[in-house]
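**Q** Okay, handing you the structure first.
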Amino acid sequence: MNPDLFSVLFMTGAYLVVLLVAYFTNSDTQFAWRSLHELRWVILDTFILTYLYGLFRFREGATKQHYDIEAKKDSAQPLLPENSEGKIRNAARTAGNLSEQLPMFVLCMWLYAQVRPVVAAIMGAFYLAFLLLYPILYGDNFNQYVAFSTVPRYIINEYMAVSFVLKAFDLV
């Protein structure tokens, strides 16, 4: 089977499963704009996410500075210590992955918080826990174990997004 076709079919099936789960788990909830008090745990998740974003970006910059990447960029063959390329790649991909996923997560969590603020905060906490696994699982090179960090985060985002849309359009 064509890998592109397989990817499309797999993701379509995954979205249908998430849609069914979201439909049945949100049928007893009400959409309403929530107060700050109701959103306090979502606010905490957002604060922690902002802290991690700064930490991962700082780690990326500090790693580049430690190995003097900018100065060595101009030389034909930059001489880096053994195993440093993996550490540089890990820092860059950890920060890059967070940057890529951050807008979707924040949007999904805050919209879903208008449906179920406590559940949104709990899912946000799990999202952050899976996010913290990324640099550990990545190691020095990308590998299949990174999926244990990324796939659950995709599912959390999809669930929150689909749940909000179902409630916003009174489909549940």
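**Q** For the range 13-39, enumerate the residues that are open to solvent by 70 Å² or more (accessible area, probe 1.4 Å), within 23 Å of the chain's Cα centre (by Cα) and without any contact (Cβ under 8 Å) to a residue 40 or more places away in the chain.
**A** Leu16, Val17, Leu20
**Q** Which residue, of Leu131, Leu166, is under 15 Å from Gly96 (Cα atoms), buried (at least 17 other Cβ atoms within 10 Å of the Cβ) and touching a residue at least 40 places away in the same chain (Cβ under 8 Å)?
**A** Unique residue meeting the criteria: Leu131.
**Q** Give just the number: which of (1) at pLDDT below 85; (2) surrounded by 15 or more Cβ atoms within 10 Å (Cβ to Cβ); (3) under 19 Å from Val146 (Cα atoms); (4) not charged (D, E, K, R) does Tyr67 not satisfy?
**A** Here Tyr67 clears every test but (3).
**Q** Look through the range 96-115, keep the residues that are aliphatic (A, V, I, L, M) and in contact with a Ser or Thr (Cβ under 7 Å, 6 or more places away or on another chain), and return whichever of them is nearest to Ala22 (Cα to Cα).
**A** Within the range 96-115, the match that is nearest to Ala22 (Cα to Cα) is Val115.
**Q** Could you list, in sequence order, all residues of the range 18-55 that are touching a helix residue (DSSP H, G or I) at 6+ places or on another chain (Cβ under 8 Å) and among the acidic types (Asp, Glu)?
**A** Glu38, Asp45
**Q** Only one of (1) modelled with pLDDT of 95 or more; (2) hydrophobic (A, V, I, L, M, F, W, C); (3) over 11 Å from the mean Cα position of the chain (by Cα); (4) open to solvent by less than 40 Å² (accessible area, probe 1.4 Å) is not met by Ala91, so which one is it?
**A** (1)
The values are calculated or read from the model by the stated rules, or taken from the named source; none is laboratory data. Please read these numbers as outputs of a predicted model, since none were measured by experiment. So basically every Cβ, Gly included, is an ideal-geometry build from the backbone, and we count neighbours across all protein chains shown. These accessible areas exclude ligands, DNA and RNA; they are computed on the full protein's heavy atoms, side chains included. Shrake-Rupley method; radii C 1.70, N 1.55, O 1.52, S 1.80 Å.
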